[in-house]
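Worksheet: the structure to be examined is printed underneath.
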């Protein structure tokens with residue numbers, strides 16, 4: 001599953017286009033410290049010129065020894081219990097592979113949201129994160145599942 005690869009040229013262009021569609025009144029930017037998110041955040045911040053706050057809570061799901069493998073390879077080797085559907089519907093437990101369970105992801109995402117609510121009374125606030133975090137935000141705050149996740153997805157939540 002996900003590795004920390006840099007953005008490719010197509011991704012850079014997508015983020016440059018996305019940057020101009022974001023609200024102009026963003027008050028703070030929080031980002032995962034992983035490479036792709038850092039690069040994404042730096043491109044977006046060319047518009048906003050805000051200090052970037054890097055937080056580990058926004059990192060992608062820890063896949064343990066499955067990191068870097070495709071969903072197909074994971075399902076072929078370990079069954080659908082560790083496949084894309086369970087991941088997309090936040091029903092995963094990757095602890096047998098040294099990774100994390102959905103409960104851990106939920107705890108860290110909610111911890112960050114609570115922190116942001118306490119210290120940033122005005123918004124909007126931008127989170128630059130990865131698929132697992134965005135799925136959790138969409139599920140827990142908008143009561144929706146994201147089944148297909150395109151690059152540059154924007155999830156809006158009210159907290």
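Scanning segment 105-159 for residues that are free of Cβ contacts under 8 Å to residues at least 12 places away in the same chain and part of a helix (DSSP H, G or I), we see that the one that is farthest from residue 20 (Cα to Cα) is 107.
Give me the residue from segment 5-22 that is surrounded by 11 or more Cβ atoms within 10 Å (Cβ to Cβ) and free of Cβ contacts under 8 Å to residues at least 24 places away in the same chain and, out of that set, farthest from residue 60 (Cα to Cα).
Going through the qualifying residues, I end up with 13.
Within segment 23-49, the residues that satisfy the criterion of being surrounded by 15 or more Cβ atoms within 10 Å (Cβ to Cβ) and not in a helix (DSSP H, G or I) are 26, 28, 29, 30, 31, 32, 34.
Among residues of segment 76-102 that are without any contact (Cβ under 8 Å) to a residue 40 or more places away in the chain, those with a beta-carbon under 6 Å from a residue that is surrounded by 19 or more Cβ atoms within 10 Å (Cβ to Cβ) and assigned to a helix (DSSP H, G or I) at least six positions away or on a different chain give the pairs 82/74; 92/102; 97/66.
Within segment 81-88, at least one residue is part of a helix (DSSP H, G or I), under 22 Å from residue 4 (Cβ atoms), at pLDDT below 95 and under 14 Å from the mean Cα position of the chain (by Cα).
The values are calculated or read from the model by the stated rules, or taken from the named source; none is laboratory data. It should be emphasised that the depicted structure is a prediction, and the values quoted were computed from it without experimental measurement. Positions of Cβ are generated from backbone atoms using ideal geometry, with glycine treated the same way; all protein chains shown enter the neighbour counts.
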